[in-house]
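The values are calculated or read from the model by the stated rules, or taken from the named source; none is laboratory data. Predicted model only: the values in this text are computed from it and were never measured. A quick note on method: Cβ atoms are made from the backbone with ideal geometry, for glycine too, and the neighbour counts reach across all protein chains shown. Remember, those area values only see protein heavy atoms, side chains included, never the ligands or the DNA or RNA. Shrake-Rupley method; radii C 1.70, N 1.55, O 1.52, S 1.80 Å.
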Amino acid sequence: MRKPRLRRTMTAFVALVAAAALTACGDSGSGTDGGNDALDAPGAEVLEKAGDKTTIEFWHAMKGPNAAAVDQLVADFNAQSGGKVEVKAVFQGGYDETIAKYKASVQQKSTPALVQIYDIGSRFMVDSKQVVPMHKFIEKDGFNAADIEPNIANYYSVDGKMWSMPFNSSTPLLYLNKEAFERAGLDPTKPPKDLTEIGELAKKLTVKDASGKTVQYGFGAAIYGWLLEQLLATDGKEYCDNGNGRKGLASKVQFDQETAVRVAQWWTDLVKGGYATNTGRKTDDAQAAFKAGTVAMHLESTSVLRGYVDAAKGKFTVLTAPYPKVSSSSTGGPIIGGASLWIDGVGHSAKEKRAAWEFVKFASNPVEQAKWHTGTGYVPINGKALDEQIDKGWMAKFPQFRTAVDQLHALPPSVASAGCLLGVMPQARKASEDGLEAAIVGSKPADQAMKDAATSVQGAIDSYNKSVS
Amino acid sequence: MLMPSVVVFALFVFWPLGRTLYLSLHGNDIFGAPSAYVGGEHYREMLSGEFGKVLATTALFTLFSVVPAVLGALFVVLLLEAHIRGVRALRTAFALPFAFSVATASVIFAVIYNPAIGVANGLLGSLGIDRVNWLTDPSIALPAVCAATVWMNFGYNILVLSAGVSAISPEVVEAARLDGATGWRLASRITVPLLSPQLFFLVVVSTIHALQSFGQIHILTKGGPDQATTTLVYSIYEKAFAFGSSDFGAASAQAVVLLVIMLSCTAVQFGILERRVHYR
């Protein structure tokens, strides 16, 4: 009796392992098998004809008050859809986590119908061959895309065609502590315009106490690759080759060029001289330093303005100024970053794709964008949102926000300010931070640091390009 | 009777191990799925200087989080042997860090080390000392993360060693005292040798633990500044999951290296240290 049972168990065990092995090998050919029509844009009739309710998932990466604004937007959409469509918003963690989970969902063939992906994930999304390009829906419906801010649309367009709908957009600003300027006898209404001016003012704005301890630094910002990308754009310089990856796949990054090295050197000198504090890469820590009043000039996104104004209440006045340029001769402007919405085609029915598009259209209309703008602090992607009453009230209350909108409108769309499309852009950004940090903490000279950093990402670029072409 | 455990082991240990080996020999498509066979390519990449730095950081981190935590706990336990009032309360207090999860403890240390509003710099400031860049200076970040790790491991070490001390037979100590042994002599000749099984256990377990540490590094420094705290586990995480990277091939190859390192560390510890362990 004993032996046969043991053998049976053995057989079952072997079968189990074999089955597991087969499943694992089977998943390697990840799904581009959706056929051509999977990436087509269906018309409104698919929903009208449908008898039942269409439910889709929307993966997003918004936290805190921004998540509340997403939930409100989704609830408003569901309420007005007349029971035809239900969108379920699912928070997936930060931007990095969301794209990582999206990659896994492609392998498991369980992608959401709609996903919010950060700007630097755009090239990957195009190459994933999973998404319906947004311009197909725009053409299908004769949707008026002219209201979408051209500078914002520029980022998400390849060959002049929009691939995704911008959702939350932010621009970088120079933040100033008004009282720190006044104490130093400086005029806060005349903010510095370029890095050299910031450097000069930083010296005057650095304050030491009687014992020689620094109590206020002139300048402080996170070692955040995004800030460098912005500075290069203000100088009209492209971040990667092949026209910022828009004429063809970018084959190398260019943050070892002279302008980038100059930025790294400028930052290093300020830190070495004791005029700037180095709070590391965490944006939270740099923000805390500015909010605590220990930093007089600071670079950050518009999206933190609301938090700054609240935190500084009763302590100091937060002023905003246009993002500085690298030198007085720079003529470019910053990149409009943020994240956008992508509609998944592969593995989704025509009804689901259409439902996703209906939500995208709803989210980008002026009324919703005005609510989104005032609820989150992101720049409205629809220019008409600024004419809404709720938006005018907000601007009156927070005049500092005017700077971001003015800066956006003053900027002529260009290749440099469209930003770099690169499949491994998140890794490139991280590499540029490696370079900046190595220079700032003094472990390498600035030029060497930026050169090594650019080289370090080359392998990833090459292998990415090999696997998509 | 053995079969169920063999099945569970095969599914959750041998299968992932085999899968890791398989992945380490393959490239990845842009979604992270294994693509072409690349042989030892990922292992060759590790011969670069950068990976050498990762290994050195791992070794330093392990050394400076294991040794102080074990020796420090031993010292405290020996002191707590003194028959003073409130010693039980003290013992509980010292063991308290055990109750904190790595994430909670790391967040507390992140607040302590915060460059602008941190408690550590606040204290230094009130003493008139200029602020220290705890987590942003490459030469200070690793010791700072080690110190946090030592604090986290301290409680567990105290618990294990206290249990060991209370298991020492009073007759032995009594006999030693009758022979005139006190203080340092009693500790070094009687208590510590009798604690050697616990000490050995702690060294082995904390070494493995340190080699696997992730939470405190992720929360405090994210491997920075300038890679100063990028240990092997953190490097595996970065290759596989961080910054939209899905280089599971390279990450798996590094995981295999980590396994080999852990096995050899443990083997060496058993080969050399265990000979000096006195089992009762």
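Summary table
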| item | result |
| --- | --- |
| Using θ = phi - 60° and Karplus 6.51 cos²θ - 1.76 cosθ + 1.60, couplings along the stretch A:188-193 (whole Hz; Gly, Pro as x) | x, 7, 10, x, x, 9 |
| Relative contact order %, chain B, counting alpha carbon pairs below 8 Å whose residues are six or more apart | 28 |
| Percentage relative contact order, chain A, counting C-alpha pairs under 8 Å, at least six apart | 24 |
| Heavy-atom accessible surface of the stretch B:222-280: percent carbon and sulfur, 1.4 Å | 68 |
| Degrees separating the helix A:446-456 axis from the principal Cα axis of chain A, which is the longest one | 0 |
| Rg to Rh, two decimals, where chain A supplies the alpha carbon set and Rh follows Kirkwood | 1.04 |
| Amide H contacts of residue A:215 (H built 1.01 Å from N, under 5 Å, at least 5 apart or other chain) | A:207, A:208, A:209 |
| Fraction of beta bridges assigned by DSSP in the protein assembly as shown that are antiparallel (%, nearest 5) | 70 |
| Karplus-derived 3J(HN,Hα), 6.51/-1.76/1.60, for each residue of the stretch B:267-275, Hz, glycine and proline x | 4, 4, 4, 5, x, 9, 5, 5, 5 |
| Scattering curve values for the stretch B:46-276, log₁₀ I(q)/I(0), Debye with Cα scatterers, q = 0.07, 0.09, 0.14, 0.18 Å⁻¹ | -0.29, -0.47, -0.98, -1.30 |
| Placed amide H near residue A:165: partners under 5 Å, 5+ positions off or other chain | A:341 |
| Length-normalised contact order of the stretch B:119-228 in % [C-alpha pairs under 8 Å, at least 6 apart] | 41 |
| Residues in the stretch B:217-233 occluded by at least 20 Å² - accessible area, probe radius 1.4 Å, against chain by itself | B:225, B:226, B:227 |
| Shielding by partners - mean other protein chain Cβ count within 10 Å, residues of B:258-265 | 0 |
| Positive-end residue of B:188, A:125, B:108, charge dipole of the protein assembly as shown with Cβ unit charges | B:188 |
| For the stretch B:105-121, Karplus couplings with θ = phi - 60° (6.51, -1.76, 1.60), whole Hz, Gly/Pro x | 4, 5, 5, 4, 5, 4, 5, 4, 8, 3, x, 9, 10, x, 5, 4, 5 |
| Dipole of the protein assembly as shown [Lys/Arg +1, Asp/Glu -1 at C-beta], most positive-end residue of B:119, A:463, B:36 | B:119 |
| Degrees, to the nearest 10: A:95-107 long Cα axis against longest axis of chain A | 20 |
| Separation of the residue A:71 and residue B:196 label points, Cα + 7 Å toward Cβ, nm | 6.1 |
| Most positive-pole-ward Cα, B:272, B:221, B:57, against dipole of the stretch B:46-276 from beta carbon charges | B:272 |
| Among B:193, B:16, B:225, residue whose mean-square fluctuation peaks in a GNM of chain B (springs only between Cα atoms under 10 Å) | B:16 |
| Virtual spin-label span in nm between residue B:272 and residue B:111, 7 Å along Cα→Cβ | 4.1 |
| Alpha carbon convex hull of the stretch B:1-79, projected area averaged over orientations, nm² | 10.0 |
| Trypsin sites (Lys or Arg not before Pro) restricted to the stretch A:223-308 and DSSP loop, no more than 15 other C-beta within 10 Å | A:247 |
| Protein accessible surface hidden between B and A, which excludes ligands and nucleic acids, total in Å², probe 1.4 Å | 3400 |
| Heavy-atom surface of the protein assembly as shown, accessible at 1.4 Å and reported per residue (Å²) | 44 |
| Between 0 and 90°, nearest 10: helix B:138-166 axis offset from chain B longest Cα axis | 50 |
| Nearest-20 debye value, the stretch A:345-469 charge dipole, Cβ charges on Lys, Arg, Asp, Glu | 360 |
| Electrostatic dipole magnitude of the protein assembly as shown [Cβ: Lys, Arg +1; Asp, Glu -1; Cα centre; debye, to 20] | 2140 |
| Interchain or long-range residues, amide H under 5 Å from residue B:35's placed H | B:27, B:28, B:29 |
| Distance between modelled label sites at residue A:361 and residue B:47, nm, 7 Å Cα→Cβ extension | 6.0 |
| Exercise: per-residue mean of other protein chain Cβ atoms within 10 Å, A:426-435 | 3 |
| Three principal axis lengths of the stretch A:308-447 [C-alpha, angstrom, descending] | 56, 47, 31 |
| Computed Kirkwood radius, in angstrom, where 1/r is averaged over Cα pairs of the stretch B:1-158 | 20.2 |
| Ellipsoid semi-axes in whole angstrom, largest first, where each is sqrt(5λ) of the Cα gyration tensor of the stretch A:28-161 | 22, 20, 19 |
| Chain B - charge dipole about Cα centre, Lys and Arg +1 at Cβ, Asp and Glu -1, debye rounded to 20 | 740 |
| Accessible surface of the stretch A:224-295, 1.4 Å probe, proportion on carbon and sulfur as whole % | 45 |
